[in-house]
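Values in this text are rule-based calculations from the coordinates and carry no lab data. Predicted model, so just to flag it, every value in this text is computed and none were measured. As a convention, Cβ positions derive from the backbone with ideal geometry for all residues, glycine included, and neighbour counts pool all protein chains shown.
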Amino acid sequence: MDDNSSITVPEPTLRRMPSYLEYLKLLERRGDKHVSAPTIAKALDLDATQVAKDLAYTSITGRTRVGYEVAPLVQALRDFLHMDQRVPAFLFGVGKLGSALLQYQGFVDFGLDWVAAFDPDERLAGCRVGEVEVLHPDAFRAMAPEVGAKVAVLCVPAEVAQITADMVVGWGVTFIWNFSLFPVKVPKGVFVQQTSMYSNLVVLLNRLHGQKLEDQP
């Protein structure tokens, strides 16, 4: 597939792509050879026109009355999502959440290449979580230029989130995935993806307890 880096892709489209991929992989395992946009749409509770529009970004087109070939579309989505391009990533904060993320195979499948994890707790120094070695944060300074550090995943306590963000940016990281409850500030040119599981949890629990919520930003 052609490089899509020069194409402007709507973020909602990008967010739907993994769902398409997982559904298509399910069909592939089942032995299905073709699938239509309406079939995908029905399975994922989406609009068929939107599905076709989204998948057009992969440069794969469906055929009338036949649909898409499943196997080529799976690979086209993998190419589009850069899943076969390994990205060196570092994790900070090896608590229960950090340890779980390090051992989650799904992130590896999507291209994250865990180089090392860092935690100031001296008891963790030299330990391994899965295949990943845990080091003191001071070690990152020497490793960052050598490895070409680009991605840092923060699972640190809120009170040290900004300090950790400042440190990794200062040593060359330009992309931060922040699982801390504290939203970090970064200079222009650095991208932060803020993920708060608690935000989703409180919505779920408030609906469970009968709280009426408006579907607005």
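A few points about this structure:
- As a proxy for reagent exposure, ranking R65, R15 by other Cβ atoms within 10 Å from fewest up yields R65, R15.
- Among beta bridges that DSSP assigns inside segment 35-175, antiparallel share in %, nearest 5: 25
- Pairs of Lys residues in the chain are counted when their Cα atoms are under 23 angstrom apart and they lie 8 or more places apart or on different chains; the count is 8.
- Computed extension length for E11-E159: 50.2 nm, one decimal, from 0.36 nm per residue of separation with the Cα-Cα distance subtracted.
- Applying 1/(1 + (r/R0)^6) with R0 = 30 Å to the Cβ-Cβ distance of L181 and H34 gives a FRET efficiency near 0.05.
- Kirkwood-type radius of segment 87-199, with distances r between different C-alpha atoms, in Å: 13.9
- Where labels lie 7 Å past Cα in the beta-carbon direction, separation of L26 and D121 in nm: 3.7
- Cα centroid of segment 97-174 to Cα centroid of segment 1-78, whole Å: 33
- Taking the C-alpha atoms only, the angle from helix 70-80 to the longest principal axis of the chain is near 40 degrees.
- Computed on the Cα atoms alone, the convex hull of segment 69-144 gives a volume of 87 cubic angstrom per residue.
- Calculated SAXS-style log₁₀ I(q)/I(0) at q = 0.17, 0.19, 0.23 Å⁻¹ - segment 11-80, Debye, Cα scatterers: -0.51, -0.65, -1.01
- Dipole of the chain, positive end: most advanced residue of A165, A37, L101 [Cβ charges, Cα centre]: A37
- Kirkwood radius for the chain, taken over all pairs of different Cα atoms as the inverse mean of 1/r, rounds to 19.7 Å.
- Normalised by the number of residues in the chain, the mean separation of alpha-carbon contacts (under 8 Å, six or more apart) gives a relative contact order of 13 percent.
- Across segment 87-199, the mean sequence separation of Cα contacts (distance under 8 Å, 6 or more residues apart), normalised by length, yields a relative contact order of 23 percent.
- In the chain, the longest principal axis of the Cα atoms and the axis of helix 197-208 are about 60 degrees apart.
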